[in-house]
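Student: Structure incoming, see below.
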There are 2 protein chains.
Amino acid sequence: MRQAEGPTRARNAVATRSAILSAARSRFAEEGYDAASVRGIAGEAGVDPALVLRYFGSKEELLAAVLAESGSVRDLLEGPREDFGARAARMLLLDPVEDHKLAVLQIILRSASSARAGPLVRRNTQERFYEPIEAWLGGPDAQIRARAVGAIIMGAALSRAIDNNGLEDEADRLGLAGRLAETLQLAIE
Amino acid sequence: MRQAEGPTRARNAVATRSAILSAARSRFAEEGYDAASVRGIAGEAGVDPALVLRYFGSKEELLAAVLAESGSVRDLLEGPREDFGARAARMLLLDPVEDHKLAVLQIILRSASSARAGPLVRRNTQERFYEPIEAWLGGPDAQIRARAVGAIIMGAALSRAIDNNGLEDEADRLGLAGRLAETLQLAIE
DNA sequence: TCAGTCAGTCAACGGTCGGTGACTTATGGG
DNA sequence: CCCATAAGTCACCGACCGTTGACTGACTGA
């Protein structure tokens, strides 16, 4: 993630800012807000630690920028309703971990109980995760159904983030994805 | 949680050890391993911080002691198989938060991605959570089914731990418990 | 050419952390 | 009663944290 390009990549503010944001997203996703350090983020971006705070003001504002630039769950909801379970299960268990949607989910579940970042993360989760699902579901019990499907999504992401679901074979992961697809589909109906 | 009893409760090794363990369980559950401090645990137990390490050797050994004294998920599995979903959903969403089983679950999901405590927590989770479920389920796909139901349990516990499922009314919590009971029941079949 | 601006560097700050070891004090058996 | 010992206290260490502000050096427009 150091400068991989030609002779002069330094002194390029937009590229530097983007590199910091990218490093921050991966560090926050892998370690959570508290454990991820400004020094570590700066190291992965190939940048001086003080520059990170010069660009974003504070560690907390950096997290806010990471969450703001990331898309919501909305594109997961696009598509036929009867395929939702399979789409969601594939994204959660089979898609590459570099996926930005997965990174944001990991940030949420690794930072939601942080004393410093928790309120920001929870507010973001409510606005960009639960509320779109609730609106997409519609109906009288939309809030409760959104919470049920959200909990399953969180659990699946957590299980993968912790130890890759404890499964070695690709076939086992496919089997688990199939089972979770059924439960996700049941939860939205 | 200070000494609430008669005139002389100090200089009682077993009571002190128990108070430290109890305070550690609640702190680890509420804040996770990294954010919970030895000083904070000692403060809640009404004890000098150095005494905590004198009794348990290190913060990591203290966590190991907390996990060791807690029962496994086994008592959740006792009972008719066709009632499993309802039993689990009730415990996860309706039972009081002081429940030790709930505390251990919160420790798991708030400490599993810690660099220091992660390996210990994950090993404990495998041995005392997934493997009993797997043995209880039986059958060819037991491992995969155990992972599916485990993920839903984790997600439900996480959703409650973060913001109490975002639900205010008891009726809503009952509704959510009913929905999750269905998905949990589907996951074990 | 040259001064102003802006990207980036550097050392240091106050604070918190887990952990250590020497210290004091209460207790109970001889 | 007396003292060995267990129980509890205290001051301190080195490491790491987020954050700060003064600094350097390179572009760039007048």
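Student: Surrounded by 20 or more Cβ atoms within 10 Å (Cβ to Cβ) and either without any contact (Cβ under 8 Å) to a residue 12 or more places away in the chain or closer than 21 Å to B:Arg128 by Cα (or both), is that true of B:Leu105?
Tutor: Yes, satisfied.
Student: Follow-up question, since we're still on this one. Which of the residues that make up the range B:38-96 are more than 16 Å from DNA strand C (Cβ to nearest atom), in a loop (DSSP other than H, G, I, E, B) and crowded, with 20+ Cβ neighbours inside 10 Å?
Tutor: B:Val73
Student: So is A:Arg9 within 16 Å of DNA strand D (Cβ to nearest atom), over 12 Å from the mean Cα position of the chain (by Cα) and at pLDDT below 95 or not?
Tutor: In short, yes.
Student: Across the range B:39-57, which residue is nearest to B:Ala112 (Cα to Cα) among those that are within 13 Å of DNA strand D (Cβ to nearest atom) and of a type in the set (Gly, Ala, Ser)?
Tutor: Here the answer is B:Ala42.
Student: Scanning for something away from chain A (no Cβ under 12 Å), under 25 Å from A:Leu174 (Cα atoms) and touching a helix residue (DSSP H, G or I) at 6+ places or on another chain (Cβ under 8 Å), does the range B:148-165 turn up at least one residue? I'd like the intermediate steps shown before the answer.
Tutor: In the first step, residues of the range B:148-165 are kept if they are away from chain A (no Cβ under 12 Å); the result is none.
No, the range B:148-165 contains no residue that is away from chain A (no Cβ under 12 Å), under 25 Å from A:Leu174 (Cα atoms) and touching a helix residue (DSSP H, G or I) at 6+ places or on another chain (Cβ under 8 Å).
Student: Between A:Glu127, A:Glu131, which is open to solvent by 60 Å² or more (accessible area, probe 1.4 Å) and within 11 Å of chain B (Cβ to nearest Cβ)?
Tutor: Going through A:Glu127, A:Glu131 in turn, the sole match is A:Glu131.
Student: State yes or no: is A:Ser18 within 23 Å of A:Asn164 (Cα to Cα), more than 10 Å from DNA strand D (Cβ to nearest atom) and either open to solvent by 40 Å² or more (accessible area, probe 1.4 Å) or part of a helix (DSSP H, G or I) (or both)?
Tutor: Spelling it out, it is not the case that A:Ser18 is within 23 Å of A:Asn164 (Cα to Cα), more than 10 Å from DNA strand D (Cβ to nearest atom) and either open to solvent by 40 Å² or more (accessible area, probe 1.4 Å) or part of a helix (DSSP H, G or I) (or both).
Student: Consider B:Ala112 carefully, then state whether it is away from chain A (no Cβ under 14 Å), of a type in the set (Gly, Ala, Ser) and more than 10 Å from DNA strand C (Cβ to nearest atom).
Tutor: On the way: away from chain A (no Cβ under 14 Å): no; of a type in the set (Gly, Ala, Ser): yes; more than 10 Å from DNA strand C (Cβ to nearest atom): yes.
Taking the combined requirement at face value, the residue does not satisfy it.
The values are calculated or read from the model by the stated rules, or taken from the named source; none is laboratory data. Being a predicted model, the structure only gives us computed values, none of them experimental. Cβ sites come from the backbone with ideal geometry, for glycine too, and all protein chains shown count toward neighbours. Quick note on the areas: whole protein, heavy atoms, side chains included, nothing else; ligands and nucleic acids left out. Shrake-Rupley method; radii C 1.70, N 1.55, O 1.52, S 1.80 Å.
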